[in-house]
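One structure is given below, encoded as structure tokens.
The values are calculated or read from the model by the stated rules, or taken from the named source; none is laboratory data. Since this is a predicted model, take the numbers as computed values, not measurements. Glycine also receives a Cβ, built like all others from the backbone with ideal geometry; neighbour counts cover every protein chain displayed. The area values use the complete protein model at the heavy-atom level, side chains included, leaving out ligands, DNA and RNA. Shrake-Rupley method; radii C 1.70, N 1.55, O 1.52, S 1.80 Å.
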Amino acid sequence: KGGAEKADKVLRQEKKFLIGLPDYYYHSRNLAKFMLEAPHNRGDGYPIRFLYFDSLEDRDFQEKVDGVALRRKIRLRCYGPDSDFALLEVKQKEADLQKKRSLRLSREAAVRLTQGDYGVLLSLQEPLAQECCAVMNIHGYQPRSVVEYGRRAFIARENKIRVTFDHHITGMESCVDIFDGALPQYPDTSLVVLEVK
């Protein structure tokens, strides 16, 4: 369908905690003894890059800071500069629940989005693509920032609960090409995001 596959939807609770790198190494070693490693894990996990879009007045970011109960963010996700696809994602906060909808895009379609060409979404038949195109145009969304980190993920055998560690987090705002192999980024932080979902 013009560079996209069928949209996926997940509704779940997410609990996040900030920990230090020593705690990450300690807890991940222990979890590896009784939880399953995610299939993509290699050593410290796998790389993830996000390109976040926002309005000229930073509407989505401000709603997060203000703790607005019902809010959304739109982003592109890829797994490093060599990825041949990206995921267009909409995350919506609904009280204690997080709803994430995603649509797999071809690399070509994703590149056009990083360049601010949202018209590429009009050629896709998925409702999520049409919704994103409308929201991004009506509210003047632009590519704003890139965040990258390594993720090591574990899965509970009993109930599929996921525990993830997002580490060596970096970011930048002057370049929004998530497929750039030499993307200059701020130095990584010593903080790690531990998430249970």
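Tabulated data for the structure shown
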quantity: Mean-position separation - Cα centroids, the range 52-76 and the range 147-179, in angstrom; calculated: 19
quantity: Carbon/sulfur fraction of accessible area - the range 60-197, other protein chains in place, 1.4 Å, %; calculated: 52
quantity: Highest-first arrangement of 32-44, 144-156, where packing means the average Cβ count within 10 Å; calculated: 144-156, 32-44
quantity: Unit Cα scatterers, Debye sum, the chain: log10 I(q)/I(0) for q = 0.09, 0.12, 0.14 Å⁻¹; calculated: -0.35, -0.64, -0.88
quantity: In nm, spacing of pseudo-spin labels at Lys100 and Leu122 (7 Å Cα→C-beta vector); calculated: 3.1
quantity: Full-stretch length increase - Tyr26, Ser190 - with 0.36 nm per residue and alpha-carbon distance subtracted; calculated: 57.6 nm
quantity: Calculated [θ] (222 nm, deg cm²/dmol) that DSSP helices of n ≥ 4 give over the chain, each run adding -39,500 (n - 2.57); calculated: -6000 deg cm²/dmol
quantity: Most to least accessible of Leu18, Leu121, Leu97, Leu87 (protein chains only, probe 1.4 Å); calculated: Leu18, Leu97, Leu87, Leu121
quantity: Debye equation applied to the C-alpha atoms of the range 108-197, log10 I(q)/I(0) at 0.10, 0.14, 0.17 Å⁻¹; calculated: -0.41, -0.74, -0.92
quantity: Solvent-accessible heavy-atom area per residue, rounded to whole Å², over the chain at 1.4 Å; calculated: 53
quantity: Degrees, to the nearest 10: 21-31 long Cα axis against longest axis of the chain; calculated: 70
quantity: Extension gain, Ser83 back to Val10 (0.36 nm per residue minus Cα-Cα distance, nm); calculated: 24.0 nm
